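Participant: Here's a structure for you.
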Amino acid sequence: MSRPNIILVTLDTMRADRLGRMVSGGELTPNLDGLAEKGLTFTGAVASGVPTYFSFPVIFRGGGPLDNGKRIGLRSGGPTVVERLRASGYSTAAVVSSNPYLSRYYSYHRGFDIFDDFSAAGSGRRTRISNLERVLGSDLTAGLRRCKAAWNNVRSAFRDGNPSLHGASRGETVTRRALALIEQLERPYFLWLHYMDLHGYYYSEPEDRERVLGAQSGAARLALRWERYRYLARWTRLILASEASAGPLNVEHSNEDRRILEGFYDASVAYTDRWLGSLFDATLGRGDTVAVVTSDHGEEFFEHGRIGHAPFSLYEEVVRVPLVMAGPDVRTGTVDDWVSHGSLAATMLGLAGVDGGSGLLASTPGGPAVTESLWGLTTPFPREHLAEFDIVLSAREKELKLISWRGTDREELYDLAADPGEQRDLSDDDRYAGAARVLRDRVEARAGEAAVRDARFELERRMRGVRRALERRGA
């Protein structure tokens, strides 16, 4: 058989537990479920890095997120899977919904013959804002920004927008552009599609929200639109509170907050799945195309006191990701072992028959599956390097998982079989001392391999230790 076309679909912020979920008496992801029935589902898939800017370099190049130190993106390092596929004769194209971390700025266009990047449409805005600030002053300009944000919120409530995305960057447009591109591409092709609708503020259409949240009457539907408007500001406050500190935190919230947040999120899952169905219907019927669907990370809904997906949180709701593969020569069934994004690039090369590829996803060779991140005190975009930071690592093997915050010498240990929600920390339980030591050694080894530890990091770490010692004495 000739080499297959490969479509890589990445769903920003898609939690693994939404695959196959039932909501309001119906399937939340019928099209993804149908793909899973035809192919292979990896139930133990974990992201190698969190958040987006640590997850995606691994997807496209393998290795670990921190291999390049504090540099993010694809500007440096060896060839990407896209470059290797193009060198082997594949046509390559991408449609990437608005996400600055996946834009040309960070060299994600490497290896693509066609790179349809929505972010480029707004690339001149920062310059216009800077000019306005010079004329009006920073205070007045900030006030105008707040007014614009408030107006965006109103439009989002009553015109179904998402203030965090370009309007033309929704799932419908990604799918339509992809289908138009496919008609132009020579076979075999590699096509990357990135959907952003699941990212806060969770874009969906009214019928999705009404179905998921059970708004059946006219009054209930009107009330839901008003709730959508109120939620936008509430979500912003909650996410800022969630990212205020890297340590243990319990952001004040109500059960209604969680219900509404999860409802709007699930509605965006349903919306995205609908347009994935159009994509699958148009591409997979000919038997010459493999689809690989995954996400960069999940999303928190107060399971450990926060919302969002900040870098310092490596709990299962953030780290576990959906991973489904279907197409010619892909067997059907499930794989329950831990697997990571670190071997996804080699797997896609294997599908294409390229030297150096492997037949199937595997956990990190030679040891437990590892997820890693850095907590930065400054937002990376548009910077190329993170400034102040703290290394966060997790390692898992069999039923046990260790999370380690290197800068503060904090760690937590969980038995995922007995406690999948990670509510009972076993790090002080002597019964698990031996197993914890194995995971700790893996974390120590990875921290030593990662090219992020420098003199400043060690100085900050020691200063934190001194402060904690003084605080204990004062107590």
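Participant: Rounded to whole Å, give me the distance from the Cα center of the range 40-69 to that of the range 387-421.
Facilitator: Cα centroid of the range 40-69 versus Cα centroid of the range 387-421: 16 Å apart.
Participant: In what sequence, highest mean first, do 270-281, 317-328, 252-263 appear when ranked by Cβ atoms within 10 angstrom?
Facilitator: Numbers: 270-281: 21.7, 317-328: 23.5, 252-263: 15.1.
In descending order of packing, they fall as 317-328, 270-281, 252-263.
Participant: Rounded to whole Å and ordered largest first, report the semi-axes of the equivalent ellipsoid of the range 164-298 derived from its Cα gyration tensor (root of 5λ).
Facilitator: Semi-axis lengths for the range 164-298 are 33, 20, 12 Å.
Participant: Determine the equivalent ellipsoid of the range 214-280 by diagonalising the alpha-carbon gyration tensor, then write out the semi-axes as square roots of 5 times the eigenvalues, largest first, rounded to whole Å.
Facilitator: Gyration-tensor ellipsoid for the range 214-280: 27, 19, 10 Å.
Participant: Note down the nm distance, to one decimal, between modelled labels 7 Å out along Cα→Cβ at residue 237 and at residue 463.
Facilitator: The modelled label-to-label distance comes out at 3.4 nm.
Participant: If I model a spin label at residue 249 and residue 445 as a point 7 Å from the Cα along the Cα→Cβ vector, what separation in nanometres do I get?
Facilitator: Between residue 249 and residue 445, the label points sit 3.3 nm apart.
Participant: Let's see if you can work this out: charge +1 on each Lys and Arg Cβ, -1 on each Asp and Glu Cβ, no other charges. What is the dipole magnitude of the range 1-127 about its Cα centre, in debye to the nearest 20?
Facilitator: Charge dipole of the range 1-127: 500 debye, to the nearest 20.
Participant: Another question, then. Round to the nearest 0.05 the FRET efficiency obtained for residue 258 and residue 288 when R0 = 30 Å and r is the Cβ-Cβ distance.
Facilitator: According to the calculation, E is roughly 0.10.
Participant: Per Stokes-Einstein, at 4 °C and 1.567 mPa s, what whole-number D in µm² s⁻¹ belongs to the range 225-346, with the Kirkwood radius over Cα pairs as the hydrodynamic radius?
Facilitator: Answer from the Stokes-Einstein relation: 76 µm²/s.
Participant: Taking the simple approach of a point 7 Å from Cα along Cα-to-Cβ for both residue 334 and residue 220, what is their distance in nm?
Facilitator: 3.2 nm
Participant: What full-extension length gain, to one decimal in nm, is calculated for residue 21 and residue 355 as 0.36 nm per residue of separation minus the Cα-Cα distance?
Facilitator: Answer, rounded to one decimal: 116.4 nm.
Since every read-out is calculated from the coordinates, none of them should be taken as a lab result. Just so it is clear, the structure is predicted and the values come from calculations on it, not from any experiment. When we count neighbours, we look across all protein chains shown, and the Cβ atoms used for this are built from the backbone with ideal geometry, even at glycine.
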